[in-house]
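J.: So that we are looking at the same thing, I have put the structure below in structure tokens.
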There are 2 protein chains.
Amino acid sequence: MTDQPKRPFGVADKARLVAKTAQNPPAVILVEPQLGENIGTTARAMMNTGLEDLRLVDPKQDWLSEKALAAASGADRILERAVKYNRVADAVADLHTVYASTARRREMVKPLMSARAAAADMHARGGLKLGILFGRERDGLTNDEIALANTIVEVPLNPEHSSMNLAQAVLIVGYEWFQAAYEGPQEMVTLNRAVPASKDVLIGLFEHLERELVICGFLRNEEKIPSMIVNIRNMLQRADLTEQEVRTLHGMVTELRYGRRDDRPKRQPGVKSNAGEPD
Amino acid sequence: MTDQPKRPFGVADKARLVAKTAQNPPAVILVEPQLGENIGTTARAMMNTGLEDLRLVDPKQDWLSEKALAAASGADRILERAVKYNRVADAVADLHTVYASTARRREMVKPLMSARAAAADMHARGGLKLGILFGRERDGLTNDEIALANTIVEVPLNPEHSSMNLAQAVLIVGYEWFQAAYEGPQEMVTLNRAVPASKDVLIGLFEHLERELVICGFLRNEEKIPSMIVNIRNMLQRADLTEQEVRTLHGMVTELRYGRRDDRPKRQPGVKSNAGEPD
């Protein structure tokens, strides 16, 4: 087991990812966050999802306190570069499009998007400077603050229990942004594996197994043998075996049949002596 | 500003949502969680995303402590109904399909899906009992534990900083499950198959096979046995075996080992006399 390639990207994918997300990751704007710890966990969520620009409007605690840095868990850089503003209007002054993350529905005439739709919208605005407003832990954003945003963003959650921690809201919105930036893995169901064995190798295994199943008496009912064989082959086929795994199975069959017995043949045809042991 | 309709669903949507998600939300299985607080925040993330069945394998702290309940922030019900198990094998015994959430890439021959692809996969398996394994805060899951899963799930994140808190991993995987439930009918990927065997049935086969492989001498190199077992389990796991197929394999192992021999035991424990012959 090795730990390198940590993520499902190759080098080329990663280069593409960097190029795409460096374009214009949205700024995260926390409005009057109450706890340094929440600013720290927000920074961590931003780092996880490729966001970098943290803006703090009148924060109530120090975002470089020991507690905040501990909560950031390695995302110190984001905290160190965070900029403090006195008013929301100042924090969004240089931005072209602003989204407001809200947990409660407002009576406002304003576009409303799910986090996923908002992520697609952000990517459609390539080249513009974007930002997302997140409100106070307890009270969210005021209507005045929301009025500065172009679009309201909601995270669709269980309607019976939709209250989320600040950093978790940032994580979900950032996660959606990152998924939209990284188009690769979404549709992919990558098989984490080597090349499957070619069919001749597989058929060699089928024949070896079936021969031994006849000899030992498992396959004895002449009438049922053909359908049994189809069933057994289908099962093994489905496992998408690699060559090494086919060797392992050869070895298992041989050893189950002849291991530590007097009638063990000198050598099974086509099977290496120590078949099945990993290299 | 009013607070009612909290979420972007109408009544009809909500009814549909409830009907759909109640079908089979996956169980969340935490393996040796270290901190009661993390179990609490996990419960909150589950509540947010419509998951209900929390299973704890050998938790290191009380999940009903004051700290855990405070962290759950209203998701007490999930903590109160959580069930404790001693081993992962027991926690997954009644499930048909198990996903393993991992942060590090493993060299294992097993399907790998993004959280989003896994959510679609879960919904395609309507009616089956599903579960997702989450590992220890510090070390994740062992290879033995992952070998009990059908599929590895990874959350695509910034490759430079992909470490997430336990509850955040649960939140993202649950969020994707909930989005797939909420978006309405998915493109169904119908697998041409019967119901796969539940994990206890499969584990019974693993144990029978491994016992015989030790007796016959195939598994003889003490040092290699653990990794050989992981490889063998992964191969068989991948085949998505039905109960009938598991019976067939029990029969094959028994007959290969003892068929037409003097030392054949009267009966193999747990295996019917004519095991493996189709009805």
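The values are calculated or read from the model by the stated rules, or taken from the named source; none is laboratory data. Keep in mind the model is a prediction, meaning the values are calculated, not measured. Neighbour counts run over all protein chains shown; Cβ positions are idealised from the backbone, glycine included. Each accessible area value is taken on the protein alone, full model and side chains, heavy atoms only, with ligands, DNA and RNA left out. Shrake-Rupley method; radii C 1.70, N 1.55, O 1.52, S 1.80 Å.
J.: Going by the alpha-carbon gyration tensor, a ≥ b ≥ c the square roots of its eigenvalues, is the stretch B:27-180 rounded (a/c under 1.5) or, if a/c is not under 1.5, prolate (a/b greater than b/c) versus oblate?
T.: Values: a/c = 1.36, a/b = 1.33, b/c = 1.02.
Taking the square roots of the gyration eigenvalues as a ≥ b ≥ c, the stretch B:27-180 is rounded.
J.: What list of ³J(HN,Hα) couplings, whole Hz, do you get for the stretch A:79-95 from phi and the Karplus terms 6.51, -1.76, 1.60, once you set θ to phi - 60° and write x for glycine and proline?
T.: After applying 6.51 cos²θ - 1.76 cosθ + 1.60, I find 5, 5, 8, 4, 10, 9, 10, 8, 9, 4, 4, 5, 5, 9, 3, 8, 8 Hz.
J.: Give me a single rounded figure for B:105-112: the average over its residues of other chain Cβ atoms within 10 Å of their Cβ.
T.: Numbers: counts 9, 4, 7, 3, 11, 3, 6, 8.
Mean inter-chain Cβ contacts per residue within 10 Å come to 6.
J.: Within the stretch B:221-240, find all residues whose amide N lies under 16 Å from a label point positioned 7 Å from the Cα of B:R138 along Cα-to-beta-carbon.
T.: What the label zone holds, given the 16 Å backbone N cut-off, is no residue at all.
J.: Using DSSP, restrict attention to beta bridges with both residues in the stretch B:27-180 and report what percent are antiparallel, rounded to the nearest 5.
T.: Details: 1 of 23 bridges.
Taking every DSSP beta bridge within the stretch B:27-180, about 5 percent pair in antiparallel fashion.
J.: Can you list the HN-Hα couplings for the stretch A:31-41, worked out from phi with the Karplus curve (6.51, -1.76, 1.60; θ = phi - 60°), rounded to whole Hz and with x for Gly and Pro?
T.: With the stated coefficients, the stretch A:31-41 comes to 9, 6, x, 7, 10, x, 4, 5, 5, x, 5 Hz.
J.: Pop a pseudo-label 7 angstrom from the Cα along the beta-carbon direction at both B:A103 and B:S227 and give the gap in nm to one decimal.
T.: Placing both labels 7 Å along Cα→Cβ, they lie 2.5 nm apart.
J.: Could the peptides A:25-31, A:63-69 be put in order, highest first, of the mean number of other beta-carbon atoms found within 10 Å of their residues? Display every interim value, and only then the final one.
T.: Values: A:25-31: 24.1, A:63-69: 18.1.
Descending mean neighbour count gives A:25-31, A:63-69.
J.: Would you mind calculating the gained length between A:N234 and A:A93 on full extension (0.36 nm times residue separation, minus the Cα-Cα distance), in nm to one decimal?
T.: Values: separation 141, 0.36 × 141 = 50.76 nm, distance 6.39 nm.
Gain on extension, A:N234 to A:A93, equals 44.4 nm.
J.: Hey, another quick one. How high is the FRET efficiency from B:S65 to A:D62, r the C-beta distance, R0 30 Å, rounded to 0.05? Let's see the in-between values first.
T.: Details: r = 30 Å, r/R0 = 0.99.
After rounding, the FRET efficiency stands at 0.50.
J.: Moving to a separate point now. Non-local amide H neighbours of B:T49 (under 5 Å, H modeled in plane, Pro and chain starts lacking H): which ones?
T.: A:N158
J.: Between the label point of B:D200 and that of the same position in each other copy, find the distances and list them shortest first in nm, with every label point placed 7 Å from Cα along the Cα-to-C-beta direction.
T.: Those separations, rounded to one decimal, come out as 4.7 nm.
J.: For a protection proxy built on the mean count of beta-carbon atoms within 10 angstrom, sort B:32-44, A:233-245 highest first, please.
T.: Numbers: B:32-44: 23.8, A:233-245: 17.3.
Descending mean neighbour count gives B:32-44, A:233-245.
J.: Give me the accessible area per residue for the stretch B:27-180, probe 1.4 Å, as a whole number in Å². Mind dumping the intermediate values first?
T.: Values: 4870 Å² over 154 residues.
In whole numbers, the stretch B:27-180 has 32 Å² accessible per residue.
J.: Calculated FRET efficiency, B:S163 and B:V214, Cβ-Cβ r, R0 56 Å, to nearest 0.05? If you can, show how the numbers build up before the last one.
T.: Details: r = 38 Å, r/R0 = 0.69.
Efficiency, rounded to the nearest 0.05: 0.90.
J.: Once amide H atoms are placed 1.01 Å from N in the peptide plane, what residues at a sequence separation of 5 or more from A:K129, or on another chain, have their amide H within under 5 Å of its amide H?
T.: Counting only residues 5 or more places away or on other chains, the set is A:H96, A:T97.
J.: List every residue whose amide H lies under 5 Å from the amide H of A:S114, counting only residues 5 or more places away in sequence or on a different chain, with H placed 1.01 Å from N in the peptide plane.
T.: A:E154
J.: Please turn the phi angles of the stretch B:202-212 into ³J(HN,Hα) values with the Karplus equation 6.51 cos²θ - 1.76 cosθ + 1.60 (θ = phi - 60°), one per residue in order, whole Hz, x for glycine and proline.
T.: 5, 5, x, 5, 3, 5, 4, 4, 5, 4, 5
J.: If you don't mind, another one. Around B:A115, what is the net charge, scoring Lys/Arg as +1 and Asp/Glu as -1 over all other residues with Cβ under 12 Å from its Cβ?
T.: On the way: positive: B:R116; negative: A:E176, B:D121, B:E154, B:E176.
Result for the local shell: -3.
J.: At 7 Å along Cα-to-Cβ for each site, give me the label-to-label distance between A:K129 and B:E207 in nm.
T.: Placing both labels 7 Å along Cα→Cβ, they lie 6.5 nm apart.
J.: Within a Cβ distance under 15 Å of A:N86, other residues only, what is the Lys/Arg minus Asp/Glu net charge?
T.: Values: positive: A:R55, A:K60, A:K84, A:R87; negative: A:E32, A:D58, A:D90, A:D144, A:E145.
Summing Lys/Arg as +1 and Asp/Glu as -1 gives -1.
J.: Moving to a separate point now. Could you compute how much accessible area chains A and B hide from each other, both sides summed, with a 1.4 Å probe? Nearest 100 Å² is fine. Numbers along the way, then the final one.
T.: Numbers: alone 17280 and 15920 Å², together 24610 Å².
Approximately 8600 Å² gets buried when A meets B.
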